[in-house]
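A.B. asks: Here it is: the structure, laid out below.
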Amino acid sequence: MDAALADAPVTAQQVLRSVFGYADFRGQQQAIVEHVIEGGDALVLMPTGGGKSLCYQVPAIVRHARTLGVAVVVSPLIALMHDQVGALEELGVHAAFLNSTLDAAQARRVERELLAGRLVLLYAAPERVLTPRFLAMLDSLHERGRLSLFAIDEAHCVSQWGHDFREEYLGLSVLHERFAGVPRLALTATADAHTRADIQQRLQLQEAQRFVASFDRPNIRYTIVEKDDARQQLLRFIRDEHQGPHGRDSGIVYCQTRRKVEETTDWLGAQGIAALPYHAGLDAALRRRNQDRFLREEGLVMVATIAFGMGIDKPDVRFVAHLDLPKNIEGYYQETGRAGRDGLPADAWMAYGLADVVNQRRMIDEGEAEEDFKRLQRAKLDALLALAEAHDCRRMRLLAYFGEDPAPEAAGVRYGCGNCDNCLSPPATWDATEAARKALSCIYRFRQHSGIGFGAGHLIDVLRGKRTEKVMQRGHERLSTFGIGADHSEAQWRGVLRQLLAAGHVKTVGEYNTLELAESARAVLRGTMPVHLRLPAEPAPRGRRSARADGRAAGKPPPLSLDDAGLARFAALKAWRAEVARQHNLPAYIVFHDAALAEMARECPDSLQALGAIGGVGAKKLEAYGEQILRTLAQPQ
Ligand code: ADP
Ligand code: ZN
């Protein structure tokens, strides 16, 4: 057995404290851990950052201490196994992985450790687990009572319903049939009911106890801004909110196309913001290198298509920005969910405009899918558009979409989360019923007059009474609707149109995206359906949050809340951590999270005992790094 476990902490609580350095379990962790230690099967549905790993790592350690058994963790994310094992070894827990990155001699060494009962956890990809050779090793362990549990991570991969389906996951039901009595946990952050049912059925977990956590991510602040000049808006957002005297935050910027990824990366670089591109068109080695750099270095911005992200467990991604609209709320939730896994404040920021609505609609229309599927895609897009157009709490809408009642205790009271743009500064609205009628009747006149439809730009020109070449050529200055909207700005008209499109009163057709009235436009035209629109945002965004040192508005925990001396200590600790991470060839957050360093900088402990009381400082790390940390803290900053 490993030295750090020589005293064999055998209760879950002891393991949590002495190995992980945490004082308390979170949410349902304790119930899950105890259930599995007692030999029960479990299905764990928890959002990203909820703390799923502990749910199998603690039982693995407790059960290993009793029987020398190994926990087999099935994961599709080969690229991450090295870091996960590194993190466990840092905690003094003996772990290993078996995957295609090992050569034959390395693999043999792991197998010997496994069969000798020395491993507490073994990570393996599903295709590896299903090989006859591996199953035979498991047989031999099973005969000796040395399989402590199976953890099936990213369990939604067994479902064809989601996007990450893996054929090999279907084979994992063999674990149940062949190794009866060994507890199994399936874990996923995918919430929808269909996927859930698939997991239970396909992994034969019908009898397993279900643990379903809330999918709320309270530390993520949701903001959706109207597109004006999206790149400039992004730049302002990064500079105002994620850049301080002590460096820039790590973040992800999602774009729809490869080309836009490349352009945005170059542009951010030219503005002095270190950015890396990631999309499926880049060669595999470069993708790998960029991903590694993003995980290991601080303050990098990854500009990516949705090809990037699955299994990125970097805890300190401080913002996820969308320059284009995702396909649906599931995508939005999953992508934004990569921010703030460490529980510290993080931003989900999106710029959204008229063209997004038009593009997404068109992509569905022109797609190859069956009509039934398209209808489903349209409905899902509509739900996302409603979220983007909402005047009320974004979080409440997100959670409601996933079937959660967001605030049962506040029944009857208008619920606001206090941590989304609409809660923080409720948008002003204007009665756009008249304007909407004008726009709709102008679209109607186009057809009547010219026999064809026209696009948004031309419509706005006509409404505002601009005598452009096209207007004159078509004789549209003679339309009764010419100039009837001169009292509104172009931005206001774009807003009116976007919201008419989002609400489905207007649709776009053909390669020129010409505007046509939908059936529901009648009610608006007749004036029986009022339209209330958000006032276009002021060009200047809300004030600089200067969050780094002062804490954020709305009573949310400030990220660090350090005074100047504390910030200097924090910087010194980060420099020390970077050096250790480099020596161990591990990402810095595996040595210590930002949250742990910040607490050290704030509390400034002056003894090993006081240092050990800081969250995230377990026995092994205290022994390995305690003296160095105390020295770093004691140095004059
Ligand atoms: P998930 O896999 O669900 O996305 P992780 O297992 O990576 O989440 O945990 C997210 C973060 O929360 C990690 O940094 C982890 O160390 C931390 N964490 C988990 N459980 C606790 C706890 N009980 N106390 C303090 N921190 C925790
Ligand atoms: Zn809110």
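Just so it is clear, none of the values below were taken in a lab; they were calculated from the coordinates. Because the structure is predicted, anything quoted here is derived from the model rather than measured. Here Cβ is always computed from backbone atoms with ideal geometry, including for glycine, and neighbour counts include all displayed protein chains.
A.B. asks: Quickly rank 112-122, 280-290 as a protection proxy: mean count of other C-beta atoms within 10 Å, highest first.
C.D. replies: Details: 112-122: 18.7, 280-290: 13.2.
So the order, starting with the most tightly packed, is 112-122, 280-290.
A.B. asks: Enumerate the lysines that Lys620 could reach by cross-link, defined here as Cα to Cα under 23 Å, with residues fewer than 8 away along the same chain left out.
C.D. replies: Lys52, Lys314, Lys574
A.B. asks: Shifting gears a bit: Just grab the label-to-label distance for Ala104 and Glu366, each label 7 Å out from Cα along the Cβ direction, in nm (one decimal).
C.D. replies: 5.2 nm
A.B. asks: A follow-up question, please. Where the only charges are on Cβ atoms (+1 Lys, Arg; -1 Asp, Glu), what is the dipole of the stretch 30-107 about its Cα centre, to the nearest 20 debye?
C.D. replies: Numbers: 3 positive and 7 negative charges, 26 e Å.
In total the dipole reaches around 120 debye.
A.B. asks: Can you give the extra length, in nm with one decimal, that the chain gains between Ser140 and Gln243 once fully stretched, where that is 0.36 nm per residue apart less the Cα-Cα distance? Present the calculation step by step, with values, prior to reporting the outcome.
C.D. replies: Details: separation 103, 0.36 × 103 = 37.08 nm, distance 5.46 nm.
Going from the current span to full extension adds 31.6 nm.
A.B. asks: Still on this structure, please answer the following. Could you work out the relative contact order of the chain, using alpha carbon pairs under 8 angstrom and six or more residues apart, expressed as a whole percent? If you can, show how the numbers build up before the last one.
C.D. replies: Numbers: 1049 pairs, mean separation 86.7, N = 637.
Taking the mean separation of contacting Cα pairs over the length of the chain, I get 14 percent.
A.B. asks: Okay, moving on. Mind checking the full-extension length gain between Trp161 and Ala386? Use 0.36 nm per residue of separation minus the Cα-Cα distance, one decimal, nm.
C.D. replies: Gain in length upon complete extension: 78.6 nm.
A.B. asks: Positive end of the dipole of the chain, charges at C-beta (+1 Lys, Arg; -1 Asp, Glu), about the Cα centre: which of Gln200, Leu399, Leu525 has its Cα farthest in that direction?
C.D. replies: Leu525
A.B. asks: What dipole magnitude, in Debye to the nearest 20, does the stretch 135-278 give about its Cα centre under +1 on Lys/Arg Cβ and -1 on Asp/Glu Cβ?
C.D. replies: Numbers: 18 positive and 21 negative charges, 36 e Å.
It comes to approximately 180 debye.
A.B. asks: Provide the packing ranking of 149-156, 418-425, i.e. peptides ordered by the mean count of other C-beta atoms within 10 Å per residue, highest first.
C.D. replies: Details: 149-156: 24.8, 418-425: 18.5.
In descending order of packing, they fall as 149-156, 418-425.
A.B. asks: Can you give the FRET efficiency to the nearest 0.05 for Gln448 and Thr257, using r as the Cβ-Cβ distance and R₀ = 45 Å?
C.D. replies: Details: r = 37 Å, r/R0 = 0.83.
Computed FRET efficiency for Gln448 and Thr257: 0.75.
A.B. asks: By its C-alpha gyration tensor, with a ≥ b ≥ c as the square roots of the eigenvalues, how is the stretch 65-157 shaped: rounded for a/c under 1.5, else prolate for a/b larger than b/c, else oblate?
C.D. replies: On the way: a/c = 1.26, a/b = 1.14, b/c = 1.11.
Because its axes are fairly even, with a/c under 1.5, the stretch 65-157 counts as rounded.
A.B. asks: When only Cα pairs under 8 Å and 6 or more residues apart are kept, what is the percent relative contact order across the stretch 289-367? Could you put the intermediate results ahead of the total?
C.D. replies: Values: 71 pairs, mean separation 23.3, N = 79.
In percent, rounded to a whole number, it is 29.
A.B. asks: Next question, about the same structure. What is the distance in Å between the Cα centres of the stretch 19-87 and the stretch 221-295?
C.D. replies: If you average the Cα positions of each part, the centres end up 33 Å apart.
A.B. asks: Quick one: work out the % antiparallel among DSSP beta bridges in the chain, nearest 5.
C.D. replies: 15 percent
A.B. asks: Related question: With a Förster radius of 22 Å, plug the Cβ-Cβ distance of Arg375 and Thr528 into 1/(1 + (r/R0)^6) and report the FRET value to the nearest 0.05.
C.D. replies: Working: r = 27 Å, r/R0 = 1.22.
Once the sixth-power term is evaluated, E becomes 0.25.
A.B. asks: With point charges of +1 on the Cβ of Lys and Arg and -1 on the Cβ of Asp and Glu, referenced to the Cα centre of the stretch 110-200, which listed residue (Thr188, Phe165, Ala151) lies farthest in the positive direction of the dipole?
C.D. replies: After comparing all options, I get Ala151.
A.B. asks: Sticking with this structure for a sec: Which of the lysines could a cross-linker span from Lys327 if the Cα-Cα distance has to be under 20 Å and same-chain partners fewer than 8 positions apart are dropped?
C.D. replies: Filter leaves Lys227, Lys260, Lys374, Lys380, Lys507.
A.B. asks: At what distance in angstrom do the alpha carbon centres of the stretch 593-618 and the stretch 366-385 lie from each other?
C.D. replies: Here the answer is 50 Å between Cα centres.
A.B. asks: Which value, in Å³ per residue, describes the convex hull spanned by the Cα atoms of the chain?
C.D. replies: On the way: hull volume 108.6 nm³, N = 637.
It is 170 Å³ per residue.
A.B. asks: At a Förster distance of 51 Å, what's the computed FRET efficiency of His82 paired with Ala565, Cβ-Cβ distance as r, to 0.05? Intermediate values should be presented prior to the final figure.
C.D. replies: Working: r = 37 Å, r/R0 = 0.73.
Between His82 and Ala565 the formula returns 0.85.
A.B. asks: Right, here's the next one. For a quick size check, give me the Cα extents of the stretch 293-346 along its three principal axes, largest first, whole Å.
C.D. replies: 30, 22, 19
A.B. asks: In debye to the nearest 20, how big a dipole does the stretch 69-195 give about its Cα centre with +1 on each Lys and Arg Cβ and -1 on each Asp and Glu Cβ? Write down the numbers at each step before the final one.
C.D. replies: Values: 11 positive and 16 negative charges, 109 e Å.
Result for the stretch 69-195 is approximately 520 debye, rounded to the nearest 20.
A.B. asks: With labels modelled as points extended 7 Å from the Cα through the Cβ direction, what inter-label distance (nm, one decimal) is found for Glu627 paired with Asn359?
C.D. replies: 5.7 nm
A.B. asks: Quick one: length gained pulling Lys466 to Glu207 fully straight, 0.36 nm per residue minus the C-alpha distance? Could you put the intermediate results ahead of the total?
C.D. replies: On the way: separation 259, 0.36 × 259 = 93.24 nm, distance 6.88 nm.
My answer for the length gained is 86.4 nm.
A.B. asks: Something else: Considering only the other residues whose Cβ falls under 11 Å of the Cβ of Leu147, what net charge follows from Lys and Arg at +1 and Asp and Glu at -1? All intermediate terms of the calculation are to be shown ahead of the outcome.
C.D. replies: Working: positive: Arg63, Arg144, Arg146, Arg178, Arg184; negative: Asp139, Glu143.
After counting each charged neighbour, the total is +3.
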